[in-house]
Amino acid sequence: MTNKVRVILFGVGAIGSLIAKFVLEKKGLEVVGAVDVAKDKAGKDLGEVLEVGKPLGVTVTDDPDALFSKVKADIVIHATTSYLKDVYPQIAKCVKAGINVVSTCEELSYPYYKHPELANEIDELAKKHGVTVLGAGINPGYLMDTLPITLTGPCQEVKTIKVTRMMDSSKRRIPYQKKIGTGLSPEEFKRMIEEKRITGHVGLIESIAMIADALGWELEEIQELPPEPVIAEEEIVTSHTTVKTGQVAGLKSVAHGIKEAKNVITLEFVSHAALKEEYDAVSIEGVPNIYEKIEGGVHGDIGTVATIINAIPKVINANPGLVTMKDLPLPSATPEDMRIYINWRES
Ligand SMILES: NC(=O)c1ccc[n+]([C@@H]2O[C@H](COP(=O)([O-])OP(=O)(O)OC[C@H]3O[C@@H](n4cnc5c(N)ncnc54)[C@H](OP(=O)(O)O)[C@@H]3O)[C@@H](O)[C@H]2O)c1
């Protein structure tokens, strides 16, 4: 068999660490470098950062240029922050070093609507350097865009699409709980959202734009309503979280895609501690009508790790440029040695 797929981890925070641990377990992948600027990570052995009980011989560096000048890799798994303007310079460095990128950056999942110029720059840069760049993850990246797009496959007509994600946030990583305002007072929540000190859920706009693009719908507008806090009616204590009565337990975010003055795409994202019924549902009004519900929902962190890892061969196999999940072959798991899924191009 060919050499293992060489992976550089760019961002080994909460989700990057979960991804890293899965990469270490996965046949056919090897970690050849790690980047993170956090003071408690840079300069340490990756094994120490991941708390896996042994050194891995890979030092986490805060200097990606120095790393890229020494180490060759097939793909960067990028997991730092959510906004494209912030991550653009990081992605550009990877691309200029001739390395493919799969990133959890929400705005990269479908950047053409909010950031068409940056999207074009990434696309041109990636083509110039012969690599592929993808923004992926569970949401955006799968549950509220790729999955509903796929479910329209047997429809002769599509009138409206509604996707609902109901998720118990207390099962998720701590940075996630913080970004949806867990434990804040309602006033703090409002202020921190307005001041952009917490992001809430990022990605509904990208998901709507991706669905519309797949269906060839020209939307008049994508309207994202301000996130509403969900307030704890009694104290919530779980292994990960304590939320006092009256504090914010999470949020509800809704966005609409509007065509011919009608809401043709509605995404509803509800995530708070102690949410009773978790599920992911897609409802398509069309010919035929389609209703699909994943009882219990998909665990966001497990799903993110999987969607990112499963995207690796599709990204390496793809033509150079910026791609989105809707441009790649059908998403699928990679339960076997990663090398069997890859068609190495002649170089
Ligand atoms: N699409 C999806 O479905 C999906 C799913 C999960 C997560 N995400 C997104 O993925 C991102 C990472 O999530 P997380 O929970 O792992 O966040 P996190 O715990 O804050 O980890 C991010 C790590 O990246 C580091 N970092 C920040 N800027 C950097 C830079 N310029 N160069 C190198 N390292 C940098 C951070 O260091 P500091 O702490 O010092 O800043 C931190 O160690 C977030 O934006 C999250 O919203 C998306």
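Legend: P(r) of region 46-93 from all alpha carbon pair distances, 5 Å bins from 0, whole percents, reading 5, 15, 23, 23, 20, 11, 4, 0.
Per residue, the convex hull spanned by the alpha carbons of region 62-217 comes to 156 Å³.
Each residue of region 227-347 gets 202 Å³ once the volume of the Cα convex hull is shared out per residue. Once the Kirkwood radius over Cα pairs is known for the chain, the Stokes-Einstein relation at 4 °C and 1.567 mPa s delivers a diffusion coefficient of 62 µm²/s.
Available extension along the chain between GLU121 and LYS262 is 47.4 nm, counting 0.36 nm per residue and deducting the alpha carbon span. Simple point charges give the picture: +1 on the Cβ of Lys and Arg, -1 on the Cβ of Asp and Glu, and for the chain a dipole about the Cα centre of about 940 debye.
Do you know the relative contact order of the chain, to the nearest whole percent, from alpha carbon pairs under 8 angstrom that are 6+ apart? Dividing the mean separation by the residue count of the chain yields 20 percent.
Projecting the Cα atoms of GLY203, VAL12, THR152 onto the dipole axis of the chain, where Lys and Arg carry +1 and Asp and Glu carry -1 at the beta carbon, places VAL12 farthest toward the positive end. Counting Lys and Arg as +1 and Asp and Glu as -1 over every other residue whose Cβ lies under 12 Å from the Cβ of TYR279, the net charge comes to -4. In this simple spin-label approximation, ARG6 and VAL237 carry label points 7 Å from Cα along the Cα→Cβ vector, and these lie 5.2 nm apart.
Considering only LEU67, ALA249, ALA306, the residue lying farthest towards the positive end of the dipole of the chain is LEU67, judged by Cα position with unit charges set on Cβ. Our estimate of slack between LYS244 and ALA38, defined as 0.36 nm per intervening residue step minus the Cα-Cα distance, is 71.1 nm. When +1 charges are put on Lys and Arg Cβ atoms and -1 charges on Asp and Glu Cβ atoms, the dipole computed for region 108-254 relative to its Cα centre reaches about 580 debye. Close amide H contacts of VAL31 (hydrogens built in the peptide plane, cut-off under 5 Å, sequence separation of 5 or more or a different chain): VAL7.
For the residues ARG191, ARG165, ARG173, a GNM of the chain with alpha-carbon springs under 10 Å puts the largest fluctuation on ARG191. Using the rule -39500 (n - 2.57) for each DSSP H run of four or more residues, divided by the residues of the chain, the 222 nm mean residue ellipticity is -8500 deg cm²/dmol.
Bear in mind these aren't lab numbers, they're just calculated from the coordinates by the rules spelled out. Every value quoted in this text rests on a predicted model; they were computed, and no experiment measured them. For neighbour counting, all protein chains shown are included, and Cβ atoms are generated from backbone atoms with ideal geometry for every residue, glycine included.
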